[in-house]
Amino acid sequence: MSTKKFKYDFLHYNRHHVLRPGSGVILILCFLIKDVFLIGIVGASLLRGGGSESTELRNLIHPVFFFSSLPALAIFYALGMRQPSAGKLVRLIWKNGRYLILAAASLYVFLLSHIHRYDLSKFGILDGIVIGLNVLIVGYVFTSPFIKDLFSEFPEPDEADEEPQSGD
């Protein structure tokens, strides 16, 4: 029986006694990699001969936006590898998860602004909604104590995985 006291309800922890990401974090990451999903949806509708897709929705899909998805994809990778045997790279990605979310959201807004030549009159309603959601995500990620605790915890390496140190 562990004597570790939990800051949150014990159901928020996984078998390694670290916080598990809630559905909110998963939804945030899915939103940040929305371009991967959008290209699949719109691409599939174009292949089927559907001409009714929204022009504004199609304008949101631009190959350059995949660069803004890379930090969130890295977090998804680290989430899948979050176990005691994980390497240093996965631990580094997870430790900097909040900053990677900031990078993904900021890069998306920067790229969107660059595509529109920094002219606010060229932004559509959907552009404004997406920018607003990115701002809300960044605000939530940097003000939530749960998110801060989530990205500060990573399962400790197993003793069997650790190499004996010389000089002891």
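Data overview
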read-out	value
Scope the stretch 56-72; condition in a helix (DSSP H, G or I), among the hydrophobic types (A, V, I, L, M, F, W, C) and either loosely packed, with under 15 Cβ neighbours inside 10 Å or at pLDDT below 95 (or both); matching residues	Leu57, Leu60, Val64, Phe65, Phe66, Phe67, Leu70
From the options Leu79, Leu73, Leu133, residue that is touching a residue at least 12 places away in the same chain (Cβ under 8 Å), touching a helix residue (DSSP H, G or I) at 6+ places or on another chain (Cβ under 7 Å) and of a type outside the set (Phe, Trp, Tyr)	Leu133
Test for Gly139: is it part of a helix (DSSP H, G or I), of a type in the set (Gly, Ala, Ser) and modelled with pLDDT of 95 or more	yes
So Val90, is it modelled with pLDDT of 80 or more, closer than 14 Å to Leu107 by Cα and hydrophobic (A, V, I, L, M, F, W, C)	no
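The values are calculated or read from the model by the stated rules, or taken from the named source; none is laboratory data. Values in this document were obtained by computation on a predicted structure and should not be read as measured data. So basically every Cβ, Gly included, is an ideal-geometry build from the backbone, and we count neighbours across all protein chains shown.
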